[in-house]
Amino acid sequence: MQPDRGGAMTTIDLPKCVMSAINFKGGTGKTTVAIAIAEGLCHLLRKRILIIDCDFQCSASITLLGRKVLNDLISQGATLDCQLQRQMNRERGVRLSAAAVKARHCVKEASDLMFILPGNPDMPRRERQILASFMVGADIHSAYECASRRIAELYRSLVQDFDLVLIDCPPGLTLFSEAAIRAADGLIIPTLPSEISFAAIDHLRTEIKRARPDHSLEDLLVGTVISKLRQRSGGDHYRYQVNSIEKLLDRAAPGFRILRPYLPYCRELEAMTWRDDEVGHVSFGRRYGQLSGMIEQLVDEFTVKCGALMARRHLKARSSQPASFTCQSS
């Protein structure tokens, strides 16, 4: 059991797992939601968390490390893509978890608990180099599958050292984000309150069916987070939006698990990605201000649904064995 924010004891806990924050549409709040949940889990449950930044835009890395530190890591070849390429080349030595960097710009409750494997703007080129190492005697499709499976194995190995591995995925499908789908115990899908954003989820559904034919989107879905909901004066427009969203979700994807509360478009959340000038650590309450309670509720909802999904997966794993697949790299 874990102490809750009021000092009482609660039976809510988070099982060790790999979660991917993913939506093939850009600008849906994937990084913002991932960091908010991670900091909330550090704040409420004292979990040790690793964020994997597999987006070449590096938003999570800039947010948690600052541009200067990230640039230094890039110049040293200490980013996620470089570390994975070393593993593909079978270089011995440091385990992937040892390359995790402690977050510098996070809430003080997370200062010794939150780590990141940073991204790199050069990730698309590195992706091609990794793929090439699997091309000997294989066609492009087999090489891609083998490479993504191997990266997924490396992602999953990180749960030995962290309570939660949370993968911040880029828009669209890359080798690194396909590996995130393959590695995930569950998915968090941040989405905008719009038809276009929901259409991207249908694309995700198709890719899950291809990459993990034994699972559906519903099998992996922890929940959908509605973000950047604008509240107009008087609240009528806001209530109309909420009703429209829920009707749309029911029509577009029956069984969607919506994580509440919805996150509004506001200064506290948007400011999360601008932390370079921060001196020292601020508290969770000060960081999120009026949204603190809302983020805590979201974390509670995530924890409960994550635990339920992992229990279902455990039961399913006991009754079936995954098919074997042999891959080789040069």
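The values are calculated or read from the model by the stated rules, or taken from the named source; none is laboratory data. Keep in mind the model is a prediction, meaning the values are calculated, not measured. Cβ: placed from backbone, ideal geometry, glycine included. Neighbour counts: every protein chain shown.
Put simply, of L96, L50 the only residue that is surrounded by 22 or more Cβ atoms within 10 Å (Cβ to Cβ) and on the phi < 0 side of the Ramachandran plot is L50. In the set L70, L44, only one residue is in a helix (DSSP H, G or I), in contact (Cβ under 8 Å) with a residue 12 or more places away in the chain and under 25 Å from V225 (Cβ atoms); that residue is L44. Taken together, the residues in segment 119-148 that are over 18 Å from the mean Cα position of the chain (by Cα), assigned to a helix (DSSP H, G or I) and not β-branched (V, I, T) amount to 15. When segment 24-65 is filtered for residues that are over 10 Å from the mean Cα position of the chain (by Cα), among the β-branched types (V, I, T) and modelled with pLDDT of 95 or more, only I49 remains. I'd like to know if segment 104-113 contains one or more residues that are in contact with a strand residue (DSSP E or B) (Cβ under 9 Å, 6 or more places away or on another chain), modelled with pLDDT of 95 or more and assigned to a strand (DSSP E or B). Looking for residues that are in contact with a strand residue (DSSP E or B) (Cβ under 9 Å, 6 or more places away or on another chain), modelled with pLDDT of 95 or more and assigned to a strand (DSSP E or B), one finds none in segment 104-113, hence no. Could you check segment 204-215 and list, in sequence order, the residues that are within 18 Å of the chain's Cα centre (by Cα) and not basic (K, R)? Answer for segment 204-215, where residues must be within 18 Å of the chain's Cα centre (by Cα) and not basic (K, R): L204, E207, I208, A211. For segment 177-205, residues that are touching a helix residue (DSSP H, G or I) at 6+ places or on another chain (Cβ under 9 Å), among the β-branched types (V, I, T) and part of a helix (DSSP H, G or I) total 2.
Go through segment 165-189 residue by residue and tally those that are under 16 Å from T303 (Cα atoms) and under 10 Å from the mean Cα position of the chain (by Cα).
The qualifying residues number 7.
Of everything listed in (1) more than 17 Å from the chain's Cα centre (by Cα); (2) closer than 22 Å to R287 by Cβ; (3) at pLDDT 95 or above; (4) small (G, A, S), the single unmet condition for A21 is (1). Listed by first and then second residue, the pairs linking a residue in segment 180-202 that is among the aromatic types (F, W, Y) to a residue that is part of a strand (DSSP E or B), with Cβ atoms under 7 Å apart and 6 or more places separating them unless they lie on different chains, are F198/T191.
Suppose we filter segment 126-138 for residues that are under 13 Å from G77 (Cβ atoms) and surrounded by fewer than 14 Cβ atoms within 10 Å (Cβ to Cβ); how many remain?
The initial filter retains those residues of segment 126-138 that are under 13 Å from G77 (Cβ atoms), namely 126, 129.
Imposing the further condition that a residue be surrounded by fewer than 14 Cβ atoms within 10 Å (Cβ to Cβ) reduces the set to 129.
The qualifying residues number 1.
Just one of the listed residues (I51, I62) is part of a strand (DSSP E or B) and out of contact with any Pro (no Cβ under 6 Å at 6 or more places or on another chain), and it is I51.
Residue-by-condition table, conditions (1) at pLDDT 90 or above; (2) surrounded by 14 or more Cβ atoms within 10 Å (Cβ to Cβ); (3) aliphatic (A, V, I, L, M):
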{"position": "R275", "(1), (2), (3)": "no, yes, no"}
{"position": "V282", "(1), (2), (3)": "no, yes, yes"}
{"position": "R287", "(1), (2), (3)": "no, yes, no"}
{"position": "Q290", "(1), (2), (3)": "no, no, no"}
{"position": "M294", "(1), (2), (3)": "yes, yes, yes"}
{"position": "Q297", "(1), (2), (3)": "yes, yes, no"}
{"position": "T303", "(1), (2), (3)": "yes, yes, no"}
{"position": "Q328", "(1), (2), (3)": "no, no, no"}
